[in-house]
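Undergrad: This is the structure I want to talk about, given as C-alpha cells.
The values are calculated or read from the model by the stated rules, or taken from the named source; none is laboratory data. As the structure is a computational prediction, the values presented were derived from the model and not from experiment. In this analysis, Cβ positions are derived from the backbone assuming ideal geometry, glycine residues included, and neighbour counts consider all displayed protein chains. Only protein heavy atoms, including side chains, enter the accessible area calculation; ligands, DNA and RNA are left aside. Shrake-Rupley method; radii C 1.70, N 1.55, O 1.52, S 1.80 Å.
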Amino acid sequence: MRFASYKSFLRDRKVLVDCLAILFGIGSWIGINSTFVQFPLLVAAAPEGWDLPSYIVVIIQLGNLGPLTYTLFQKYSPKKLLDANVIYGILAVGCAAALAMCFIYDVTAIVGGVERSVWLFVVVFFLAIVGCSSSVLFMPYMGRFREIYLITYLIGEGLSGFLPSILALIQGVGGNAECVLKNNTEGQPEYELYTPPPRFETEHFFAFVTTFMAVSLGAFILLENLRICRNEYVAVKIEKGNKYTYDESSKINESGEQLTAHEDSQVTNLSITSYRILLILMAIICMFGNGIFPSIQSYSCLPYGNIAYHLTVTLSSIANPLACFLAVFLPHTSIRLITILSSIATAIGIYAVTTAVMSPAPPLFGNVWGEVLVVMSWTILNGLISYMKLSITSIFRFQGGKSLVWVGGVSQIGSFTGAILAFVLINNVGLFVSYSPTCPAVP
C-alpha cells in the first residue's frame, strides 16, 4: 500500500514544473553556499585569516536589509509590488554579483590602517540579499503551488549547496600544509610551510556559479509565465505581494489525498501554543545553523587539517539536499519527530562547539579518528538542521502565505542574532583560538 501511495504521488505531478521549481530553488542560496565552500581557500589567502567566516556571516545577515525594505514597502506603501517582479530583480542582482565575484574576490583595501577584503564583503552582501530575500519571497511564492512543488523547490534550495560542494570536491584544496626544504643562499637548511594548489582557481569556480544563477532566473521566468505551471496552483486567492489564502480543497497530503482528521488537526489547525513554539524553535535552529555554527566551523575543523575542513564544508552542504530528498519519502510534518531530532542535534552540536572552544588542541587532535569524527559530526548536524527546517516549513505551509512569511522572518532574526553573537565571541571576547602550524628552523 505504501509503494502504491508513493507511485501515485510521483505520477500525479508535472515533471516540467518540478524541474523549474528545482532550478528556481538553486538560485536562492547558491551564491552564499559557494562562498562557504570556498572558505578553505579564502581563509588561507584573506588578511582576516580564520576570522573571515565570522565577518562573512555578519555581512550575510546584513543582506536582510533587502527583505526588510520589501516588507516595509508592502506594509506602508499604498502601491503594492508584485512579488514576481521583485523576484526578477533579485535574481538579476544575484547574476551580476556572482559574475563580479569572479574578478574581485581577492582584491583588498586598507580600512583604518588595516588590510581588509572589502570587495569580497561588498559582493557577498549582494549575494546575501538574494538568499535572505528567498525566505520571504521565494518560499511564499511557491506556496501558491501544490505542496509537492514546495518540496521540490526545497530540494532545489538544497542543491544550491550540493552543486558547489561537488565542484569544490573536484577542485580540492591541494592538501594539508607540509614542511618542505627551503632554498637558502647561506647554505643552511631551512624548512617552510607549503600548501599544494587546488586543481582550478576560485574565479573559475564562481564562473560556474554565475551560470547557474542565470539558469535559475530563466527557470523562474518560465515558472511564472507558462500556462502548464499556472495550472498547478492550488485553490488559492492571490492578492498583491505574497498575500493569499487557501480553500479547503487545497488541504492535501504528500500523496495528493485529502488530509485525514488527525493530519488536519496536527498540521492545519495548530494551537497558538504550538504555532509559537515552532516559530521559536525555527529561530533557534537558524541562530545556530546559519549564524553560530558556520562562524566557528574553521576553529572546529582546521586543527585537524585543510582536508578535514574541506570535507566538512562540502559534505555538510551535500547533507542539505539529501535531507530534503528523504523528506519526499519520510514523514516530515510530525511535531514529535521534530522534537526528537532537535534533541539529537543538540547533543551533536555540543560536541561541535566543544571542538571549536578547545582549539588549537581539540579532542583526538593529531589522530585520524579525530578527523573522521569531526567530519561526521558536522555532516550529520547539518543534515538534521536541514530536515527540521523543512519539516517546520511544511507545517506552516498549511497555515497560509503569511505564515510562510513569518517562518522566513524568524529564520532571519535567528540567523542575525547568531551571527552577531558569534562575531563578538570570536573577535572581541577571544573565546576561540586559531591553530598555526609551524616548521622547525633546521632539519
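Undergrad: Looking at segment 366-387, is at least one residue open to solvent by less than 60 Å² (accessible area, probe 1.4 Å), among the charged types (D, E, K, R) and at negative phi?
TA: no
Undergrad: Then there's this: Filter segment 412-423 down to the residues that are open to solvent by 10 Å² or more (accessible area, probe 1.4 Å) and closer than 23 Å to Ile272 by Cβ, then identify the one that is farthest from the chain's Cα centre (by Cα).
TA: Ile413
Here is a yes/no grid of residues against (1) at pLDDT 85 or above; (2) buried (at least 21 other Cβ atoms within 10 Å of the Cβ):
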{"position": "Ile60", "(1), (2)": "yes, yes"}
{"position": "Lys75", "(1), (2)": "no, no"}
{"position": "Tyr88", "(1), (2)": "yes, no"}
{"position": "Val93", "(1), (2)": "yes, no"}
{"position": "Ala98", "(1), (2)": "yes, yes"}
{"position": "Met101", "(1), (2)": "yes, yes"}
{"position": "Ile104", "(1), (2)": "yes, no"}
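Undergrad: Could you grab me the full set of residues in segment 106-138 that are farther than 26 Å from Leu222 by Cα, open to solvent by less than 60 Å² (accessible area, probe 1.4 Å) and of a type in the set (Val, Ile, Thr)?
TA: Passing the criteria: Val107, Thr108, Val118, Val122, Val123, Val124.
Undergrad: Give, as residue ranges, the helices (runs of 4 or more DSSP H) completely inside segment 83-145 that count at least 3 residues that are touching a helix residue (DSSP H, G or I) at 6+ places or on another chain (Cβ under 9 Å) and aliphatic (A, V, I, L, M).
TA: 83-104, 118-136
Undergrad: Evaluate segment 33-48: report whether one residue or more is part of a loop (DSSP other than H, G, I, E, B), at pLDDT 80 or above and in contact with a Lys or Arg (Cβ under 8 Å, 6 or more places away or on another chain).
TA: yes
Undergrad: Related question: Please indicate, with yes or no, whether at least one residue in segment 313-329 is open to solvent by 20 Å² or more (accessible area, probe 1.4 Å) and over 24 Å from Leu159 (Cβ atoms).
TA: no
Undergrad: State all residues of segment 336-365 that are over 24 Å from Val37 (Cβ atoms) and open to solvent by less than 10 Å² (accessible area, probe 1.4 Å); if no residue qualifies, say none.
TA: Ile338
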